[in-house]
Amino acid sequence: FAFTGTVSGAGGTNTPAFLATAGSTNQTIANTTSTKINFGTEILDTDSAYDTSASTFTIPSGKGGVYIFYCNLRMPLSNGEERSHFINVNNSDDLKSGTQFYPGNNAPFYSTATTMLNLSAGDVCYQSVYVTSSGNRTTNASYCYFGGYKLIT
C-alpha cells in the first residue's frame, strides 16, 4: 500500500504524554494481591504530570479527554498461574486492561496491555497487577514500562 496525497485537517500533538520504566529495580508481587507497580524512572513527561515517587500520572488542569495507556511487564510464572493488568483511576482497579494468562512451563512471561479511557482533570492513574500463583513473583525491571498520551482533539 502506498499513500500519495495530502491529509486534510491533520495536525496537533498527543500531549500530555509520559513514559516511565522500572529502571533497574525489580519488584516483588505478592500472591493474590492487587499490587501497584513502581515505575520510578521517567523517560518522557511533556506536562510534568507524572510523579516518579508515587508512580502516578495525574491529568493536568484543562487537559481532560480520551487517553491511551499502555504497559508491559515481564515476570516468571509457572504452569497454570495467572496474571492480570489493571489501569487504576483514582484508586479503583476495576478498569481492566489485559487478560489472564497461562504461560506454560516455568518461563519469563511478557504481557502487554493497552486501553483507552475518558478522563477528567485531576484523575490519578497508575498500573497494578494481580497474580494467582504458588507464591510471590518478581518482575524483571529491564522489561517493565508504563506510558500514555492524550488523543488529538
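Only the coordinates and a few stated rules stand behind these numbers; no lab work does. A quick note: this is a predicted structure, and the numbers were derived from the prediction, not measured. Heads up, the Cβs are rebuilt from the backbone with ideal geometry, glycines too, and the neighbour counts pull from every protein chain shown.
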Once amide H atoms are built 1.01 Å from N in the peptide plane, which residues 5 or more positions from Asp123, or in another chain, come under 5 Å H to H?
Ile59
Using amide H atoms built in the peptide plane, which far-off residues or other-chain residues are under 5 Å from Ala22 H to H?
Cys144
Computed label-point distance, nm, for sites Ser120 and Asp47 using a 7 Å Cα→Cβ extension:
1.6 nm
Which percent of Cα-Cα pairs in the stretch 14-64 sits in each 10 Å bin, short to long?
25, 43, 24, 7
Residue by residue through the stretch 125-139, what is 3J(HN,Hα) from phi via Karplus (6.51 cos²θ - 1.76 cosθ + 1.60, θ = phi - 60°)? Round to whole Hz and write x for glycine and proline.
10, 7, 9, 9, 9, 10, 10, 10, 8, 7, x, 5, 10, 10, 6
